[in-house]
Amino acid sequence: MRTAFVESLSQAASENPDIWLLCGDVGFSVFEPFATKFPERYINVGIAEQNMVGIATGIALSGKTVFIYSIGNFPTLRCIEQVRNDVCHHGADVKIVAVGAGYAYSTQGYTHHAIEDAAIVAMLPGIEVFAPCDPQEVRAATRLIASSRKPSYLRLSRVGEPNLGSGAVTDIRKPRVLRDGRDIVILTSGSIASQALVAAEMLEKRGEDVGVVNISCLKPFDATSVRDVTHRATLVVTLEEHSLCGGLFSKVATTFAGEARRPPIVGIGIEEQESGTSYGGSREALLDAAGLSVDAIIARIERELRKRPR
Amino acid sequence: MSNTNRPDTNLPEPKEFARRIRAHALQMVHAANASHIGGCLSMADILAVLYTRILRVDPNNARAPGRDRFVLSKGHATAILYAALAECGFFPVDELKTYCKDGSILTGHVSHAVPGVEVSTGSLGHGLPIAIGMAIAARAEGRGSRVFCLLSDGECDEGSTWEGILFAPHHGLANLCAIVDFNKIQSFGSVAEVLNLEPFADKWRAFGWHVEEVDGHDGTDLERALSAAPVASGRPVVTIAHTVKGKGVSFMENRLEWHYRAPSAEQLAAALAEVGA
Ligand SMILES: [Mg+2]
């Protein structure tokens, strides 16, 4: 994902001389080509995220489009008030790009697990939030935000994620069907979508009809399209590598909240954990512990299915 | 564009401008039963010199790309900024009467909805980084515009302020002028008691700034210091303006409570008499 982002950004920057990139001393072996090609539009701000967001705002208010880049919680939670007051309140054309969504920085531990970021950022006014599931979507999202003239948050996983689904990305603002299926629809956001695809395949072997749809654009949330892609479903599942609070599940649940006839909605995501919970191991181990492994996803869906009158 | 004084205009001498905006601010804070009059009065002379002598801004073309930028980082001292902008002609002086009133854009912390205001502030420690970004953009475009950022002494407690202080000299931002309204009092006591900044000027020097230290109520001194940028060394300039909180109203000077209180009708009359309104 990181590579797709940098390539798309470089492309955008060669077409638009007003695109800048700031990083918070993160991006070794990633940004060197950009820095070489556009030295006058690239600044490593140092390890100072509040300053980075303020500087990005000042440059943006002077008519530029400014991307800022760091790891998960650093360009978001660390400087959330700068994002709120400086970027969002002024509608500054600043794009916050965070790498390491969810448990992507698995073994690095708690500080590097970005599991509340999308909800916290999405709560702020006027900012658009994108959590693409694969490199194709990263390209589309980067292209879009480079010209949107709006504050944006782009939530990236890390490196080496495969492209998912067969179709091309036509409109990154719309839900993208990764796998056809009507009865059970798994709505996902981000690279965890690959788990949903595997789970769907296994459920199909057990006789279920399961679709998988990625929702890259968490804000503005396209509730109408979400209703469309789930309109025949008897079970809707949301799957996110993020807190269950304020993310995809909340948005989907809110979409259906006022409707008398609605499918049951099962939220699979990260439950709030107790202070001091130890976090170690690979992403797979962490997903497993959080109930986000393929097996856990299948078990959770089957539990729901057993509730049905036969 | 000349690099020294603004080309202007019909504006009065700084002293007279300062008198007017002190009077407005006192009336506004009284009428709104608002706070922060002490920090307004301490920076009155700084604003007067900036708006009558230094800043190349045009009330008739407030968003001109080549304008100088002024960022008020101590966003609580808003009454006197609005007064200065009204006196410059960014909006009618009469509108100052709506300060903090229902439906007014003249909010108790600085709002960029107000003509002539570059950025909304109010949470301390935000202004300097934004000003740095503006200075970077201005330099990249070769516009020759300068960026001025006025900070309180209290907000030099904020880590984000020091992130900016560290950054600007490293990047040789010669078009950046920080100003500290060093009135020696912050919210809950004197700066020396709450969190000592001294040796303050030495700290800025050690971080790589060109430091001007002036009497923040002396127009000539201020004009010289605020005209200093760009300096030959290419460093950003900080003007540490030694000021008196509540300056101009004897019973408000150096008194912490005027960070919070609004003058009563009698106090307002006495204060206006003292500032010569
Ligand atoms: Mg003070």
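With a 10 Å cut-off around each Cβ of A:38-51, the average count of Cβ atoms from other chains is 4.
With the simple model of a label 7 Å out from the Cα in the direction of the Cβ, B:His112 to A:Asp183 spans 5.4 nm.
Largest GNM mean-square fluctuation across A:Ser62, A:Ser29, A:Ser147, computed for chain A with C-alpha springs under 10 Å, falls on A:Ser29.
Full extension of the chain between A:Gln108 and A:Met123 yields a length gain of 2.7 nm, computed as 0.36 nm times the residue separation minus the alpha carbon distance. In a fully extended conformation the segment linking A:Glu259 and A:His231 would gain 8.8 nm over its present Cα-Cα distance, using 0.36 nm per residue.
Let me check against my output: what whole-number percent is the relative contact order of chain A, with C-alpha pairs under 8 Å and at least 6 apart? Computed value for chain A: 16 percent relative contact order.
Springs between Cα atoms under 10 Å define the GNM used for chain A, and in it the highest mean-square fluctuation of A:Arg176, A:Arg41, A:Arg155 occurs at A:Arg41. The relative contact order of segment A:74-129, computed from alpha carbon pairs under 8 Å that lie at least 6 residues apart in sequence, is 36 percent. Taking the longest Cα principal axis of chain A as reference, the axis of helix A:135-148 is set at about 50 degrees. A simple spin-label model places pseudo-atoms 7 Å from Cα toward Cβ; at B:Glu274 and A:Thr3 they are separated by 7.0 nm. Would you mind getting me the FRET efficiency between B:Ile105 and A:Glu15? Use the beta-carbon distance for r and R0 = 51 Å, nearest 0.05. So, using R0 = 51 Å, E works out to roughly 0.85.
For segment B:194-277, the gyration tensor built on C-alpha atoms gives an oblate shape. Its axis ratio a/c (a ≥ b ≥ c) is at least 1.5, and a/b is not larger than b/c. Reported to the nearest whole Å, the Cα centre-to-centre distance from segment A:240-271 to segment B:208-246 is 56.
Across peptide A:56-67, the mean count of Cβ atoms from other chains lying within 10 Å of each residue's own Cβ comes to 6. The order of the peptides B:189-196, A:167-174, B:105-112 by mean Cβ neighbours within 10 Å, most packed first, is B:105-112, A:167-174, B:189-196. The distance separating the Cα centre of segment A:126-190 from that of segment B:63-81 comes to 39 Å. Can you bin the protein assembly as shown into rounded, prolate or oblate? Criterion: square roots of the alpha carbon gyration tensor eigenvalues sorted a ≥ b ≥ c, rounded for a/c under 1.5, prolate for a/b above b/c, oblate for the rest. Prolate shape, in that a/c is at least 1.5 and a/b is the bigger ratio. For chain B, the relative contact order works out to 23 percent when only alpha carbon pairs closer than 8 Å and six or more residues apart are counted. When the pairs B:Lys184/B:Lys245; B:Lys97/B:Lys247; A:Lys64/A:Lys95 are compared against a 19 Å limit on Cα-Cα distance, B:Lys97/B:Lys247 fall above it. Summed over qualifying helices (DSSP H, 4 residues or more, each -39500 (n - 2.57)) and divided by its residue number, chain B shows a 222 nm mean residue ellipticity of -10500 deg cm²/dmol.
Per residue of chain A, the DSSP helices (runs of n ≥ 4 H) give a summed -39500 (n - 2.57) that works out to -9500 deg cm²/dmol at 222 nm. Going by a ≥ b ≥ c, the root eigenvalues of the Cα gyration tensor, does segment A:176-306 fall in the rounded group (a/c under 1.5), the prolate group (a/b larger than b/c) or the oblate group? Oblate, since a/c reaches 1.5 and b/c is not below a/b. Would you look at the GNM of chain A, springs on alpha carbons closer than 10 Å, and say which of A:Glu49, A:Glu116, A:Glu284 moves the most? In the Gaussian network model the winner is A:Glu284. Counting Cβ atoms of other protein chains within 10 Å of each Cβ in A:16-27 and taking the mean gives 1. Of the peptides A:215-227, B:56-68, the order by per-residue mean of other Cβ atoms within 10 Å, starting with the highest, comes out as A:215-227, B:56-68.
Just so you know, all these numbers are worked out from the coordinates, no wet-lab data involved. Quantities reported herein were computed from a predicted structural model and do not represent experimental measurements. Here Cβ is always computed from backbone atoms with ideal geometry, including for glycine, and neighbour counts include all displayed protein chains.
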